[in-house]
Amino acid sequence: MDVCQLLQQLEIGENSDFEFKSAAGGLPRSLWATYSAMANTDGGYIVLGVKEHKGHKEHNGQFEIQGVRNVAQMKRDFWNQVQDRGVVSVNLLSEKEDTSVYTINEKQLFVIHVPRAEHQARPVYIGQNPMTGTYRRFHEGDYKCSYDQVARMLADQPSLPHFDSRLLDTFTEDDIDKTTLQQYRNRFSARNPTHPWLSEDTTSFLQKLGGWTLDRKTSKQGPTVAGVLMFGTEDALQELSKSVPFHLDYRERIGNHIADRWNDRVLSLDGTWTPNLFQFFMKVYPKLTAGLKLPFTYLPPMDQFSDPVRAGMSPVHEALQEALVNALIHADYRGEGGIVIERFADRFEMSNPGTLLVSLEQLYQGSVSKCRNPSLQKMFQMMGAGDKAGSGFDKIRKGWNTQKWINPELEERQKPDRVFLYLRTVSLLPDGFLDKLRSVSGTQADSLNPEEITALAIAYSEGEVSNSKIQQISTMHASDISKMLQKLVSQGLLLMNGYGRWALYRTTDEMQKEFQSAPSLPSNGTSLPTKEETSELSELEVAELTKIGDKIRNSPRSAPEDVVSVIKELCNKHFLTTAQIITYLGRSRGLVQGYLTQMVHSGDLILQYPERPTHPKQSYKTKQE
């Protein structure tokens with residue numbers, strides 16, 4: 001982060017990534033709750049030496065740079081406290097990399113970068129008791145975690161037994177569904193007919209898989225949580241659901257929106273099937289892949305237990321299988337909401353309770369793998385579903401890339417904790433894209449490599465492209481991606497906003513204008529809004545909005561209340577996208593997005609798609625009084 005980015009953030013205000021504190025009286029005590037919250041969420045920056053005016057009639061919500069009187073002393077105080085286990089449970093920081101001093105208007109600010117804690121270090125808490133001193137970040141605030149939230153963080157630590165390996169000492173072999181286990185054995189045998197485990201009896205076979213265990217201290221034995229989840233009878237799962245909110249749901253909708261009615265559904269515990277994970281997988285996977293216009297062949301049926309999953313699967317079939325298995329093996333079955341798999345006309349959405357055990361960057365790189373339920377992971381791997389550790393998301397991404405579809409998107413949400421995966425079956429390179437590109441850049445387009453063309457397509461279809469976005473769909477190193485994007489800027493094909501790893505790139509105005517006539521531009525997996533909803537504005541309406549934006553377009557340091565007022569006026573009659581608002585205001589995307597987020601939270605704006613805040617075509621409208 002540099003001074004320019006810090007000044008931009010001061011204009012935006014606080015959010016989940018930034019917290020400003022006065023520090024007029026020295027190191028503020030509230031710093032440690034924010035340190036805990038950011039470490040337990042996605043990391044962030046704490047900026048000391050900035051005061052927020054609250055309740056002031058003229059300056060409410062504005063930030064004033066006060067500076068830190070003795071920054072050297074504050075640094076010493078901070079490093080003494082961050083290494084004191086009586087203050088905070090763990091020091092995650094490197095003095096050289098994670099603390100900085102900035103001078104703005106001859107005033108010094110002390111900036112602390114808090115990284116996201118690895119799951120083995122969570123919960124990061126203040127004081128002596130994790131149950132009362134653990135915080136998480138939600139928007140621009142820190143909230144104290146509940147007992148259950150802290151307990152789940154503790155349970156995810158690698159030093160403790162995994163939840164799915166726990167003995168259910170009141171359950172017996174009768175709680176294992178015999179038909180399910182036979183189906184699993186048949187699939188296991190078809191994959192490896194000479195495997196020595198096939199000669200084992202039921203309990204020994206389950207024990208090899210992690211579905212049965214013996215407590216040597218008490219001599220009690222029985223199925224594990226994983227064993228019942230994977231192979232349990234309906235009665236056993238009903239009993240387990242009293243302590244574990246077990247829930248499975250597959251929905252197939254006829255359209256592209258969450259409000260569209262569904263025409264097929266598989267719901268656990270509805271009394272029509274044995275609702276364990278194996279049966280859910282065997283029912284849902286064929287439904288996910290049915291009708292995909294991709295080359296594949298079926299295995300010839302062998303008997304009543306034959307495997308419906310394809311041999312010689314296409315990369316897309318493998319990607320969908322991997323995505324479904326990931327939702328089942330990474331779920332926190334103690335969390336809320338259950339596992340929900342949805343198929344729309346133009347996308348798949350999968351969600352499961354819990355949080356990611358690694359950062360998004362680690363997940364995209366595929367270098368680190370942590371599984372919340374390793375026994376379940378082993379069961380799926382041994383039957384040929386689910387890949388080796390660390391390569392699962394990479395297989396999903398590569399499968400989607402073979403069709404040139406918009407790259408898969410992962411999202412973490414809180415309250416309750418859930419992980420969402422969006423798989424959109426919409427072309428990243430629509431028909432006519434290269435022709436349009438050539439009309440803008442001439443023969444220059446023919447010298448572009450596939451990665452460069454993909455970057456330009458993302459910049460157009462999603463409004464912007466960034467280094468991290470390219471990392472999700474490419475094996476290129478981050479530094480090489482930066483060089484590639486800078487090259488496209490130098491060639492006049494992209495415009496850059498921001499600096500360093502926060503930089504965002506968008507297509508030039510000339511390219512945007514040329515592509516407006518393209519008949520088949522990608523819709524990012526959703527239907528474009530109608531004229532009444534948003535973007536199809538008349539020339540008169542565009543002129544009116546441009547006139548409104550002109551009020552601050554040429555004033556880069558406009559007061560925040562003036563920016564808010566103009567945004568409300570812009571969005572008074574129409575739903576407008578972030579890209580449209582950026583155009584009318586003449587501001588960077590980072591600045592505009594910060595205002596929009598705050599205005600949605602305050603109730604000044606409403607979302608066109610409130611059920612999905614990160615909808616690729618999200619639009620905003622002023623709330624009518």
Residue among Arg166, Arg191 that alone is farther than 25 Å from Tyr333 by Cβ and within 35 Å of the chain's Cα centre (by Cα): Arg191
Complete set of residues in segment 179-195 that are modelled with pLDDT of 95 or more and open to solvent by 70 Å² or more (accessible area, probe 1.4 Å): Thr179, Gln182
Failed criterion for Glu173 (all others in (1) out of contact with any strand residue (DSSP E or B) (no Cβ under 7 Å at 6 or more places or on another chain); (2) open to solvent by less than 70 Å² (accessible area, probe 1.4 Å) hold): (2)
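Residues are listed down the side, and each one gets a yes or a no for (1) over 25 Å from Ile581 (Cα atoms); (2) in contact with a Ser or Thr (Cβ under 8 Å, 6 or more places away or on another chain); (3) not in a loop (DSSP other than H, G, I, E, B):
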residue: Lys415; (1), (2), (3): yes, no, no
residue: Gly442; (1), (2), (3): yes, no, yes
residue: Ala445; (1), (2), (3): yes, no, yes
residue: Ile453; (1), (2), (3): yes, no, yes
residue: Leu456; (1), (2), (3): no, yes, yes
residue: Ala459; (1), (2), (3): no, yes, yes
residue: Ser468; (1), (2), (3): no, no, yes
residue: Gln471; (1), (2), (3): yes, no, yes
Selection from segment 468-483 of residues that are open to solvent by 50 Å² or more (accessible area, probe 1.4 Å) and of a type in the set (Gly, Ala, Ser): Ser468, Ser479
Per-region count, segment 68-87, residues of a type in the set (Lys, Arg) and part of a loop (DSSP other than H, G, I, E, B): 2
Enumeration of residues in segment 598-625 that are modelled with pLDDT of 75 or more, among the β-branched types (Val, Ile, Thr) and under 19 Å from His139 (Cα atoms): Val600, Ile606
All positions within segment 580-596 that are modelled with pLDDT of 75 or more and open to solvent by 50 Å² or more (accessible area, probe 1.4 Å): Thr583
Pairs, first over 24 Å from Gln120 (Cβ atoms) in segment 156-170, second aliphatic (A, V, I, L, M), C-beta under 7 Å, six or more apart: Leu168/Val225; Leu168/Val228
Residue tally, condition farther than 19 Å from Ile329 by Cα and assigned to a helix (DSSP H, G or I), over segment 204-223: 2
Qualifying residues in segment 335-374 (those that are farther than 25 Å from Tyr250 by Cβ and over 13 Å from the mean Cα position of the chain (by Cα)) - the one modelled with the lowest pLDDT: Ser367
Failed condition for Asn105, given (1) open to solvent by 50 Å² or more (accessible area, probe 1.4 Å); (2) of a type outside the set (Phe, Trp, Tyr); (3) out of contact with any strand residue (DSSP E or B) (no Cβ under 9 Å at 6 or more places or on another chain): (3)
Condition met for Pro245 (open to solvent by 10 Å² or more (accessible area, probe 1.4 Å), part of a loop (DSSP other than H, G, I, E, B), within 18 Å of Ile329 (Cα to Cα) and not basic (Lys, Arg)): yes
Selection from segment 70-88 of residues that are under 21 Å from Ala37 (Cβ atoms), in contact with a helix residue (DSSP H, G or I) (Cβ under 9 Å, 6 or more places away or on another chain) and open to solvent by 30 Å² or more (accessible area, probe 1.4 Å): Gln81, Val87
Answer residue from segment 420-436, given it is assigned to a helix (DSSP H, G or I) and touching a residue at least 40 places away in the same chain (Cβ under 8 Å) and is surrounded by the most Cβ atoms within 10 Å (Cβ to Cβ) among those: Phe433
Residue satisfying condition, being modelled with pLDDT under 85, surrounded by fewer than 21 Cβ atoms within 10 Å (Cβ to Cβ) and in contact with a Phe, Trp or Tyr (Cβ under 8 Å, 6 or more places away or on another chain), within set Lys404, Lys415: Lys415
Segment 446-467, residues that are open to solvent by 10 Å² or more (accessible area, probe 1.4 Å) and among the acidic types (Asp, Glu): Asp446, Glu451, Glu462, Glu464
Count of segment 126-139 residues which are over 12 Å from Thr41 (Cα atoms) and either of a type in the set (A, V, I, L, M) or open to solvent by 70 Å² or more (accessible area, probe 1.4 Å) (or both): 4
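The values are calculated or read from the model by the stated rules, or taken from the named source; none is laboratory data. Just so you know, these numbers come straight off a predicted model, no measurement behind them. Ideal geometry is used to build each Cβ from the backbone, glycine not excepted, and the neighbour counts take in all protein chains shown. We work out accessible area using only protein heavy atoms, side chains counted, and drop any ligands, DNA or RNA first. Shrake-Rupley method; radii C 1.70, N 1.55, O 1.52, S 1.80 Å.
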